[in-house]
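Asker: Please see the structure below; I have some questions.
The values are calculated or read from the model by the stated rules, or taken from the named source; none is laboratory data. What you are looking at is a predicted structure, and each value in this text was computed from that prediction instead of being measured. Cβ placement follows ideal geometry from the backbone for every residue including glycine, while neighbour counts extend to all protein chains displayed. Side chains are part of the model used for accessible areas, which takes the heavy atoms of the whole protein and leaves out ligands, DNA and RNA. Shrake-Rupley method; radii C 1.70, N 1.55, O 1.52, S 1.80 Å.
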Amino acid sequence: MNVRGKPMRTIWLEPDGGAVGIIDQTRLPHDFVAVQLGTLAEAAHAIRAMLVRGAPLIGATAAYGMALAMRQDASDRALDASCATLLATRPTAVNLRWAIEEMRALLRPLAPGERAAAAYRRAGEIADEDVAINRAIGRHGLGLIEAAWERAGKHRPVELLTHCNAGWLATVDWGTALAPVYAAHERGIPLHVWVDETRPRNQGASLTAWELGQHGVAHTVIVDNAGGHLMQHGRVDLCITGTDRTTASGDVANKIGTYLKALAAHDNGVPFYVALPSPTMDWSIEDGVRDIPIEERDATEVTEIAGRLSDGSTARVRLVPEGSPAANYAFDVTPARLVTGLITERGVCPASRAGLLSLFPERRQLMAGE
Ligand code: MRU
């Protein structure tokens with residue numbers, strides 16, 4: 001997607017063929033800063049400290065992190081230790097585990113001398129595959145936006161609501177939830193996106209608003225609690241969010257607050273779609289509320305807020321009384337019954353075991369009870 005009118009990705013191999021470039025997303029929207037990762041430790045830090053975030057980009061960064069590790073030390077011991085280091089960075093986004101397992105399965109049988117080159121090659125493929133997958137999600141989701149435009153009589157822009165950032169910044173390019181938005185924008189369908197600010201880290205206000213603005217898509221930032229009100233007043237045609245992990249029965253883990261938006265959508269008859277690339281599927285579990293680990297982050301993300309001051313500098317300020325404890329659950333689970341449909345690279349399906357198997361029949365034998 002475009003930054004200052006020029007297309008770019010969120011992660012790339014630097015011209016030296018060794019270091020990996022990323023955008024430091026903790027600096028957006030006020031500063032656009034590219035950072036080089038040269039070691040496994042730097043890649044792990046980038047994921048843990050959320051310089052990169054969003055399930056698909058976390059997966060791609062972990063794949064490159066393995067390549068950086070193999071460049072340093074390609075022994076069996078280093079291979080296992082690198083997998084463990086990266087796996088421990090963030091617990092909820094399952095793309096992390098998926099990418100590490102892909103890399104481990106490829107690298108384990110190879111001689112140490114062959115591992116670094118193979119790791120860079122596969123990391124590059126994982127990044128390219130993510131772009132292709134998200135482009136396909138965009139094509140399938142476009143149909144839903146076109147249908148909403150038809151329902152609106154083509155008299156006014158389609159009104160979408162999204163939560164957190166599931167745009168190109170959360171992936172290598174295109175995004176998941178925003179891929180259909182970009183596809184519709186390219187098609188010339190007038191649309192407008194309500195952007196939940198997404199406390200505590202404000203990925204909506206700082207990242208989604210920034211990338212939509214860079215790409216010229218009309219949008220308005222709202223506080224997290226405004227969505228229900230807008231839906232009651234017919235101001236939302238459809239919701240599309242991303243997901244960090246979706247179970248075999250269609251339960252969806254996503255940024256904290258997604259569940260409440262799905263409840264409001266259900267109550268108001270607003271379609272609630274979730275866009276997901278297949279590496280975000282966790283076929284090994286059914287019950288998301290019970291079995292998806294929910295990341296708990298530092299309480300300072302709740303008690304403090306960062307922003308730009310009028311003199312142009314940035315600062316963190318405290319919001320909460322000294323001494324008041326704060327809890328910081330980063331994700332919640334929306335049960336499949338509240339999800340109208342899942343938008344995948346293979347098409348749109350009901351959020352159910354049968355729906356998912358209709359698009360991914362090769363998974364049938366892996367699923368419990370089949
Ligand atoms: O904590 P983050 O910023 O990594 O979480 C990302 C999300 O939860 C997004 O909502 C997104 O939809 C999942 S990744 C496409």
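Asker: Helix 94-107 versus the longest principal axis of the chain: what is the Cα-based angle in degrees, 0 to 90, to the nearest 10?
Answerer: Helix 94-107 sits roughly 30 degrees off the main axis of the chain.
Asker: On to the next question. Treating only the Cβ atoms of Lys and Arg (+1) and Asp and Glu (-1) as charged, compute the dipole magnitude of the range 232-370 about its Cα centre; round to the nearest 20 debye.
Answerer: Numbers: 14 positive and 19 negative charges, 73 e Å.
With only Lys, Arg, Asp and Glu charged at Cβ, the dipole is about 340 debye.
Asker: Something else now. In units of 2.2 N^0.38 Å, what is the alpha-carbon radius of gyration of the range 83-155? Provide the component values of the computation, followed by the final result.
Answerer: On the way: Rg = 19.0 Å, N = 73, 2.2 N^0.38 = 11.2 Å.
With N residues counted in the range 83-155, Rg over 2.2 N^0.38 Å equals 1.69.
Asker: Per Stokes-Einstein, at 20 °C and 1.002 mPa s, what whole-number D in µm² s⁻¹ belongs to the range 325-370, with the Kirkwood radius over Cα pairs as the hydrodynamic radius? Show your work: numbers first, answer last.
Answerer: Numbers: Rh = 12.6 Å.
My calculation gives 170 µm²/s for D.
Asker: Now for a separate question. With the cut-off at 1.5 for a/c, could you classify the range 1-48 from its C-alpha gyration tensor as rounded, prolate or oblate?
Answerer: Values: a/c = 2.68, a/b = 1.34, b/c = 2.01.
The shape class here is oblate.
Asker: Can you bin every Cα-Cα distance in the range 192-267 into 10 Å intervals starting at zero and give me the percent of pairs per bin, rounded to whole numbers?
Answerer: Histogram of Cα-Cα distances, whole percents per bin: 18, 49, 30, 3.
Asker: Can I ask one more? Report, ordered by chain and residue number, the aspartates and glutamates lying within cross-link reach of residue 6, taken as a straight Cα distance under 16 Å and ignoring same-chain residues fewer than 8 apart.
Answerer: Counting by Cα, and skipping residues close in sequence, residue 6 has these aspartates and glutamates nearby: 173, 186, 211.
Asker: Kirkwood hydrodynamic radius for the range 2-129: how many Å is it when counted over pairs of different Cα atoms?
Answerer: Numbers: mean 1/r = 0.0690 Å⁻¹.
Hydrodynamic radius (Kirkwood, Cα only) of the range 2-129 equals 14.5 Å.
Asker: Please report the antiparallel percentage of DSSP beta bridges with both residues in the range 115-262, rounded to the nearest 5.
Answerer: That works out to approximately 15 percent antiparallel.
Asker: At 1.4 Å probe radius, can you tell me the per residue accessible area of the range 2-129 in Å²? Show your work: numbers first, answer last.
Answerer: On the way: 5200 Å² over 128 residues.
Ligands and nucleic acids excluded, the figure is 41 Å² per residue.
Asker: With charges set only on the Cβ (+1 for Lys and Arg, -1 for Asp and Glu), what does the dipole of the chain come to about its Cα centre, in debye to the nearest 20? It would help to have the intermediate numbers written out before the result.
Answerer: Details: 37 positive and 43 negative charges, 95 e Å.
Computed about the Cα centre, the dipole is about 460 debye.
Asker: Moving on. Which one of 293, 113, 265 has its Cα pushed farthest toward the positive end of the charge dipole of the chain, where Lys and Arg give +1 and Asp and Glu give -1 at the Cβ?
Answerer: Checked the options; the winner is 265.
Asker: Quick one: accessible area per residue over the range 138-368, 1.4 Å probe, rounded to a whole number of Å²?
Answerer: Here the residues of the range 138-368 average 41 Å² of exposed surface.
Asker: Right, next: Ranked highest first by the average count of other Cβ atoms within 10 Å around their residues, in what order do 344-353, 148-157, 1-10 fall? Show your work: numbers first, answer last.
Answerer: Details: 344-353: 19.1, 148-157: 12.6, 1-10: 14.3.
The packing order, highest mean first, is 344-353, 1-10, 148-157.
Asker: Give, as ranges by residue number, the residues of the range 43-65 whose backbone N falls under 16 Å from the point 7 Å along Cα→Cβ of residue 125.
Answerer: 60, 63-64
Asker: Between residue 78 and residue 316, take the C-beta separation as r, use R0 = 41 Å, and let me know the FRET efficiency to the nearest 0.05. Please list the in-between numbers first.
Answerer: Working: r = 37 Å, r/R0 = 0.90.
That pair, residue 78 with residue 316, gives E of 0.65.
Asker: Now, a different point. Using a probe of 1.4 angstrom, how much of the accessible area of the range 138-368 is carbon and sulfur, in percent? Don't skip to the answer; put the middle values down first.
Answerer: Details: 4860 of 9400 Å².
Carbon with sulfur: 52 percent of the solvent-accessible area.
Asker: How far apart, in nm, are two points set 7 Å out from the Cα along the Cα-to-Cβ line at residue 267 and at residue 220?
Answerer: About 2.0 nm separates the two model spin labels.
Asker: Where the centroid of each part is defined by its Cα atoms, how far is the range 45-105 from the range 180-241 in Å?
Answerer: Answer, in whole Å: 31.
Asker: Between residue 33 and residue 364, what is the spin-label point distance in nm, taking each point 7 Å from the Cα along the Cα→C-beta axis?
Answerer: It is 5.3 nm.
Asker: Would you please give the residues with an amide H less than 5 Å from that of residue 331, counting only those at least 5 places away or on a separate chain, with H modeled from the backbone geometry?
Answerer: Hits under the 5 Å cutoff: 256, 295.
Asker: Ok, one more. Between residue 287 and residue 354, what is the spin-label point distance in nm, taking each point 7 Å from the Cα along the Cα→C-beta axis?
Answerer: So the label points at residue 287 and residue 354 sit 2.2 nm apart.
Asker: So, one more: Quick one: angle between helix 55-72 and the longest Cα principal axis of the chain, in degrees between 0 and 90, rounded to 10, please.
Answerer: It works out to around 10 degrees.
Asker: Further question: Any idea what the dipole of the range 2-129 comes to, in debye rounded to 20, about its Cα centre with Lys/Arg Cβ at +1 and Asp/Glu Cβ at -1?
Answerer: Using Cβ point charges on Lys, Arg, Asp and Glu, the range 2-129 gives about 260 debye.
Asker: If you plug each phi of the range 77-86 into the Karplus form 6.51 cos²θ - 1.76 cosθ + 1.60 with θ = phi - 60°, what whole-Hz ³J(HN,Hα) values come out, in order, with x for Gly and Pro?
Answerer: 4, 5, 4, 5, 5, 5, 4, 5, 4, 5
Asker: What list of ³J(HN,Hα) values in whole Hz, one per residue of the range 176-184 in order, does the Karplus curve 6.51 cos²θ - 1.76 cosθ + 1.60 (θ = phi - 60°) give from phi, with Gly and Pro shown as x?
Answerer: 9, 4, 8, 4, x, 5, 5, 5, 5
Asker: Additional query: When only alpha-carbon atoms count, how far does the chain stretch along each of its three principal axes, as whole angstroms with the largest first?
Answerer: Result, largest extent first: 62, 60, 45 Å.
Asker: Calculate how steeply helix 258-268 sits against the longest principal axis of the alpha-carbon atoms of the chain, using the helix alpha-carbon long axis, and give the answer as 0 to 90 degrees to the nearest 10.
Answerer: Orientation of helix 258-268: about 30 degrees from the principal axis.
Asker: Take the Cα pairs of the range 122-278, get the Kirkwood Rh, then feed it into Stokes-Einstein at 20 °C and 1.002 mPa s and tell me D in µm²/s.
Answerer: So the translational diffusion coefficient is about 139 µm²/s.
Asker: Sticking with this one: Can you find, among 236, 170, 274, the residue sitting farthest towards the positive end of the charge dipole of the range 138-368, where Lys and Arg contribute +1 and Asp and Glu -1 at Cβ?
Answerer: 236
Asker: Just going by the charge dipole of the chain, with Lys and Arg at +1 and Asp and Glu at -1 on Cβ, which of 183, 95, 336 is farthest out on the positive end?
Answerer: Positive-most Cα among the choices belongs to 183.
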